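Asks: The structure under discussion is supplied below as structure tokens; questions concerning it will follow.
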Amino acid sequence: MPSAFQNALKQLDGVIPYLERDYPDEKKFRKIVEKLKRPQRIIKGKIKVVMDDGKIDVFQTFRCQHNNARGPFKGGIRFHPNVSLDEVKALSMWMSIKCSVLDLPYGGGKGGVKVNPARLSQTELERLSKAYAEFIAAYIGPRKDVPAPDVNTDGQTMAWMLEAYEKKIGRSAPATFTGKPIELGGSLGRTEATGRGGAFVLESYAKEKKLNPKQTRLAVQGFGNVGFWFAKLAEDLGFKVVAISDSTGAIFDKKGLDIDKLGKLKEKHGSFSEAAKKNGLKFIPLRETSRASARGLERRVFRFGGIPLPTKRGEKIPQASACGSFITNEELLALDVDILVPAALENAITSQNVGKVRAKVVLEMANGPVTPEAEEILLKRKIDVLPDVLCNAGGVTVSYFEWLQNLQKDTWKEEKVNKKLEEKMKKAYRQVAKVVKEKKLSFRKSAYLLAVKRIVDAMVLRGRV
């Protein structure tokens with residue numbers, strides 16, 4: 001399977017033929033494109049952290065700064081065992097495109113530490129966070145590079161990093177990090193911003209295509225911050241979320257799910273499958289229900305916190321308002337729904353499983369969940385793919401609002417943040433949809449066409465070739 005960075009390069013290459021006709025100096029244009037294919041700076045190394053037992057562990061760390069022609073680098077920091085140079089290079093390029101699609105005055109950046117944070121104590125996480133901030137301190141700042149939370153990092157992580165950074169430079173600089181706690185200059189509305197931005201794209205697409213939300217069925221793969229808030233806000237807009245999953249499995253109900261109840265269940269038990277185990281119930285995938293019935297299990301449901309679980313014959317079923325079935329994540333991808341929403345990690349839909357997809361639309365809320373090869377197949381089947389660089393840009397947009405508030409020493413009300421986010425997301429959607437209609441291109445190519453042209457124009461004006 002191609003790497004994430006190879007996928008990013010392929011997506012960039014896909015729009016070059018449509019752009020080169022706008023630049024008479026072909027040689028200069030090609031040089032700029034080659035520059036876009038390489039990050040401007042890669043910061044990598046190893047940091048040492050004292051663990052609770054007194055031993056010292058060493059962690060591989062990265063910060064990739066892709067392009068700053070339109071403004072400071074901007075991008076998250078992730079703590080994950082699979083963090084790699086290839087991954088942060090791809091994510092930094094996607095951030096450049098994403099910021100440009102939303103017309104934000106930023107370029108792309110991304111960073112990470114190769115670590116399994118679940119194995120660290122709270123004090124060890126604090127030491128790791130501060131060590132990472134000290135490691136990249138010389139390369140970041142409010143007008144240089146503005147990091148934010150990403151996978152397995154959050155407001156607390158940013159607070160630790162801000163403390164270490166400010167101690168290192170000897171002055172206050174809250175605008176260096178976004179996604180901070182409200183008490184340290186964070187923005188209201190930031191927690192749900194990525195999901196809310198995706199919901200605005202969904203609403204805009206449905207309006208353009210004249211879809212009735214009540215009759216539009218969604219399946220969401222992923223129940224982290226992004227998946228939860230997207231599903232909840234889509235439900236609030238009247239859409240019917242019929243399936244949603246975490247890493248252990250999915251819940252499906254063709255009548256629609258109660259997202260708030262799912263959230264409470266997840267919070268209590270940690271995972272959907274663990275909820276079943278805690279109640280002494282058996283996880284039965286949808287495809288096995290007929291065999292399960294033959295073994296003496298009725299296809300009844302145990303309604304716990306609004307979540308249905310299979311029960312043995314005669315077992316008492318508590319009262320609640322939702323019912324459905326447990327299915328696997330792969331089965332979720334194959335559901336006959338109107339819109340499939342991959343909201344977990346990259347490469348969820350590949351050339352190996354794309355044939356199972358029966359949705360009419362794929363709306364990307366994760367970064368890079370559909371490989372280029374899979375997307376080609378979907379497009380041939382007349383399935384629209386709404387790209388990540390548009391759909392999940394709500395987070396970086398509200399990070400931009402937070403940055404502005406910090407620079408202006410101001411605080412916006414949540415209603416103002418949400419209203420400005422709606423304006424930004426819907427304007428970006430309209431601009432992309434206009435290119436789709438005029439150029440007869442896919443949504444991704446249209447978004448890239450807009451974004452890459454803005455970056456190239458900035459590089460030309462700056463004389464970077």
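The values are calculated or read from the model by the stated rules, or taken from the named source; none is laboratory data. All values reported here derive from a predicted model rather than from experimental measurement. Positions of Cβ are backbone-derived with ideal geometry, glycine not excepted, and every protein chain shown enters the neighbour counts.
Yes/no matrix, rows are residues, columns are (1) crowded, with 21+ Cβ neighbours inside 10 Å; (2) in contact with a Lys or Arg (Cβ under 6 Å, 6 or more places away or on another chain):
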position: VAL151; (1), (2): no, yes
position: MET161; (1), (2): yes, no
position: ALA175; (1), (2): yes, no
position: LEU184; (1), (2): no, no
position: LEU188; (1), (2): no, no
position: ALA193; (1), (2): yes, no
position: GLU208; (1), (2): no, no
position: ASN212; (1), (2): no, no
position: VAL220; (1), (2): yes, no
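Asks: From ASP154, ASP145, which residue is within 16 Å of VAL113 (Cα to Cα) and of a type in the set (D, E, K, R)?
Replies: ASP154
This table checks each residue for (1) under 21 Å from the mean Cα position of the chain (by Cα); (2) within 26 Å of VAL151 (Cβ to Cβ).
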residue	(1), (2)
LEU188	yes, yes
PHE200	yes, yes
ASN225	yes, yes
VAL242	yes, no
SER247	yes, yes
LYS254	no, no
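Asks: Moving on to the next point. Out of the residues in the range 75-94 that are at pLDDT below 95 and crowded, with 24+ Cβ neighbours inside 10 Å, state the one that is nearest to ILE455 (Cα to Cα).
Replies: In this case the residue turns out to be TRP94.
Asks: Please indicate, with yes or no, whether at least one residue in the range 245-252 is acidic (Asp, Glu), out of contact with any His (no Cβ under 7 Å at 6 or more places or on another chain) and surrounded by 22 or more Cβ atoms within 10 Å (Cβ to Cβ).
Replies: Checked the range 245-252: at least one residue is acidic (Asp, Glu), out of contact with any His (no Cβ under 7 Å at 6 or more places or on another chain) and surrounded by 22 or more Cβ atoms within 10 Å (Cβ to Cβ).
Asks: In addition: I want to confirm something. Restricting to the range 259-274 and keeping residues that are under 22 Å from the mean Cα position of the chain (by Cα) and crowded, with 17+ Cβ neighbours inside 10 Å, which single residue is nearest to GLY238 (Cα to Cα)?
Replies: Here the residue is ILE259.
Asks: Now, a different point. Looking only at the range 95-122, which residues are out of contact with any His (no Cβ under 8 Å at 6 or more places or on another chain) and farther than 19 Å from ASN152 by Cα?
Replies: Result: ILE97, LYS98, CYS99, SER100, VAL101, LEU102, ASP103, LEU104, PRO105, TYR106.
Asks: Which condition from (1) assigned by TED's automatic domain parsing to the domain that holds GLY224; (2) assigned to a helix (DSSP H, G or I) is the one that LYS424 breaks?
Replies: The number of the failed condition is (1).
Asks: Would you confirm whether or not the range 226-241 contains a residue that is assigned by TED's automatic domain parsing to the domain that holds ALA366, of a type outside the set (Phe, Trp, Tyr) and more than 25 Å from THR397 (Cα to Cα)?
Replies: yes
Asks: Checking ILE97 against (1) surrounded by fewer than 18 Cβ atoms within 10 Å (Cβ to Cβ); (2) touching a residue at least 40 places away in the same chain (Cβ under 8 Å); (3) assigned to a helix (DSSP H, G or I), which single condition isn't satisfied?
Replies: Evaluating ILE97 over (1) surrounded by fewer than 18 Cβ atoms within 10 Å (Cβ to Cβ); (2) touching a residue at least 40 places away in the same chain (Cβ under 8 Å); (3) assigned to a helix (DSSP H, G or I) leaves (1) as the failure.
Asks: Moving to a separate point now. Residues that are under 27 Å from VAL385 (Cβ atoms) and not hydrophobic (A, V, I, L, M, F, W, C): which strands (runs of 3 or more DSSP E) entirely in the range 153-269 hold 3 or more of them? Walk me through how you get there before you give the answer.
Replies: On the way: elements: 217-221, 240-246, 249-252.
Those strands (runs of 3 or more DSSP E) span 240-246.
Asks: State yes or no: is VAL432 farther than 20 Å from ALA175 by Cβ and among the aliphatic types (A, V, I, L, M)?
Replies: Here the answer is yes, as VAL432 does meet what is asked.
Asks: Right, here's the next one. Mind listing just one residue for me: the one in the range 1-42 that is in contact with a Gly (Cβ under 8 Å, 6 or more places away or on another chain) and of a type in the set (A, V, I, L, M, F, W, C) and, of those, nearest to ARG464 (Cα to Cα)?
Replies: ALA8
Asks: If you don't mind, there's one more thing I want to ask. As an exercise: evaluate LEU441 against (1) under 24 Å from the mean Cα position of the chain (by Cα); (2) in a helix (DSSP H, G or I); (3) farther than 17 Å from PHE200 by Cβ and give the number of the one condition it does not meet.
Replies: (2)
Asks: Turning to a different aspect of this structure: From the list GLU235, GLU183, GLU163, GLU192, pick out the single residue that is within 16 Å of the chain's Cα centre (by Cα) and of a type in the set (D, E, K, R).
Replies: GLU192
Asks: Go through the residues of the range 322-344 one by one and say whether even a single one is part of a helix (DSSP H, G or I), modelled with pLDDT of 95 or more and surrounded by fewer than 23 Cβ atoms within 10 Å (Cβ to Cβ).
Replies: Checked the range 322-344: no residue is part of a helix (DSSP H, G or I), modelled with pLDDT of 95 or more and surrounded by fewer than 23 Cβ atoms within 10 Å (Cβ to Cβ).
Asks: From VAL465, VAL460, VAL398, grab the single residue that is among the aliphatic types (A, V, I, L, M), part of a loop (DSSP other than H, G, I, E, B) and not assigned by TED's automatic domain parsing to the domain that holds LYS74.
Replies: Sole residue among the options that is among the aliphatic types (A, V, I, L, M), part of a loop (DSSP other than H, G, I, E, B) and not assigned by TED's automatic domain parsing to the domain that holds LYS74: VAL465.
Asks: Could we say that ALA175 is over 24 Å from the mean Cα position of the chain (by Cα) and more than 30 Å from VAL361 (Cα to Cα) here? Steps first, answer last, please.
Replies: Values: over 24 Å from the mean Cα position of the chain (by Cα): no; more than 30 Å from VAL361 (Cα to Cα): yes.
So ALA175 fails the test.
Asks: Report every pair of residues separated by at least 6 positions or lying on different chains whose Cβ atoms are under 9 Å apart, first residue within the range 27-42 and surrounded by 14 or more Cβ atoms within 10 Å (Cβ to Cβ), second among the basic types (Lys, Arg) and assigned to a helix (DSSP H, G or I).
Replies: The qualifying pairs are PRO39/LYS89; ILE42/LYS89.
Asks: Ok, one more. Could you tell me whether the range 62-69 includes any residue that is in contact (Cβ under 8 Å) with a residue 12 or more places away in the chain, aliphatic (A, V, I, L, M) and surrounded by fewer than 18 Cβ atoms within 10 Å (Cβ to Cβ)? Explain how you work it out, then say what you get.
Replies: So in the range 62-69, the residues in contact (Cβ under 8 Å) with a residue 12 or more places away in the chain come out as 62-69.
Now restrict to residues that are aliphatic (A, V, I, L, M): 69.
Cutting the leftovers down to surrounded by fewer than 18 Cβ atoms within 10 Å (Cβ to Cβ) gives us none.
No: the range 62-69 contains no residue that is in contact (Cβ under 8 Å) with a residue 12 or more places away in the chain, aliphatic (A, V, I, L, M) and surrounded by fewer than 18 Cβ atoms within 10 Å (Cβ to Cβ).
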